[in-house]
1. Is it the case that M65 is of a type in the set (A, V, I, L, M, F, W, C), exposed (fewer than 10 other Cβ atoms within 10 Å of the Cβ) and either out of contact with any helix residue (DSSP H, G or I) (no Cβ under 9 Å at 6 or more places or on another chain) or in a helix (DSSP H, G or I) (or both)?
2. Could you check segment 17-57 and list, in sequence order, the residues that are of a type in the set (G, A, S), surrounded by fewer than 10 Cβ atoms within 10 Å (Cβ to Cβ) and either under 18 Å from the mean Cα position of the chain (by Cα) or in a helix (DSSP H, G or I) (or both)?
Amino acid sequence: MSNWERHRAARVVAARSADAAEAAALLDMLGLTAAEGVAPAPEPVEPPTPEPVDVTAGRMVGLAMVAAIRRADA
């Protein structure tokens, strides 16, 4: 039986058992252990680093618009 099949069988036995004693007895009959039903922990993943955004061009346009509005109001 492959590792995947052993893992799956142990998970099915644990899910279908009424209590821990029944699960232990069934796993023992199949030659499996409770540890075979535990999935390995996932590898940690680094979050992506956002790329810097240049906001100076938009800021300059905004400042020019404010200056034009102020000149028009004057």
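1. Numbers: of a type in the set (A, V, I, L, M, F, W, C): yes; exposed (fewer than 10 other Cβ atoms within 10 Å of the Cβ): no; either out of contact with any helix residue (DSSP H, G or I) (no Cβ under 9 Å at 6 or more places or on another chain) or in a helix (DSSP H, G or I) (or both): yes.
Considered against the rule, which asks whether it is of a type in the set (A, V, I, L, M, F, W, C), exposed (fewer than 10 other Cβ atoms within 10 Å of the Cβ) and either out of contact with any helix residue (DSSP H, G or I) (no Cβ under 9 Å at 6 or more places or on another chain) or in a helix (DSSP H, G or I) (or both), M65 comes out as no.
2. If the condition is that a residue be of a type in the set (G, A, S), surrounded by fewer than 10 Cβ atoms within 10 Å (Cβ to Cβ) and either under 18 Å from the mean Cα position of the chain (by Cα) or in a helix (DSSP H, G or I) (or both), then A21, A35, A39, A41, A57 are the ones that fit.
Every read-out reported here was derived from the displayed coordinates using simple, explicitly stated rules and does not represent laboratory data. On a predicted model such as this, the values are computed, not experimentally measured, just so you know. Glycine gets a Cβ as well: all are built from the backbone with ideal geometry, and neighbour counts include every protein chain shown.
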